[in-house]
1. Specify which labelled value, from (1) 36, 17, 7; (2) 46, 24, 14; (3) 28, 13, 10, agrees with semi-axes √(5λ) of the Cα gyration tensor in Å derived from the coordinates of the model shown.
2. Relative to the Cα centre, what is the charge dipole magnitude of the chain, using +1 at the beta carbon of each Lys and Arg, -1 at the beta carbon of each Asp and Glu, and rounding to the nearest 20 debye?
3. Check each of the chymotrypsin sites (Phe, Trp or Tyr not before Pro) in region 7-68 and keep only those in coil by DSSP with at most 16 other C-beta atoms within 10 angstrom; list them in order.
4. Which order do Lys62, Lys24 fall in if you start with the one that has the fewest other Cβ atoms within 10 Å?
5. Within the chain, which is the longest segment containing none of the GluC sites (Glu not before Pro) that sit in a DSSP loop and have at most 16 other Cβ atoms within 10 Å?
Amino acid sequence: MYETKPMTELRPACRLCVDEMPPKGEQVWLITKYGNGFRGLYHPEYAIVAWAPVPKLTDEQKARLREMGYEF
């Protein structure tokens with residue numbers, strides 16, 4: 001399977017597809033007209049109505065987790 005780099009933001013907000021379409025070829029959080037959400041690539045046949053960049057950890061959060069023994 002092909003890996004694609006996710007589009008990320010510190011504080012992602014949902015965007016309606018009628019206002020802004022998801023980027024092609026990047027993994028984002030997608031919400032269907034049925035209310036289901038999932039991470040993946042946009043395809044018109046999925047009936048997507050909204051999307052958001054994938055959340056990411058802040059540098060401060062990563063530092064705290066490193067102190068607890070987690071590696072990034």
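Derivation of every value follows stated rules applied to the coordinates shown; laboratory data play no part. Computed from a prediction, not measured in an experiment: that's the story for all the values here. Cβ: placed from backbone, ideal geometry, glycine included. Neighbour counts: every protein chain shown.
1. So the structure-derived entry is (3).
2. Once rounded to the nearest 20, the dipole reads 100 debye.
3. Tyr34
4. Least to most surrounded, the residues fall as Lys24, Lys62.
5. 27-70
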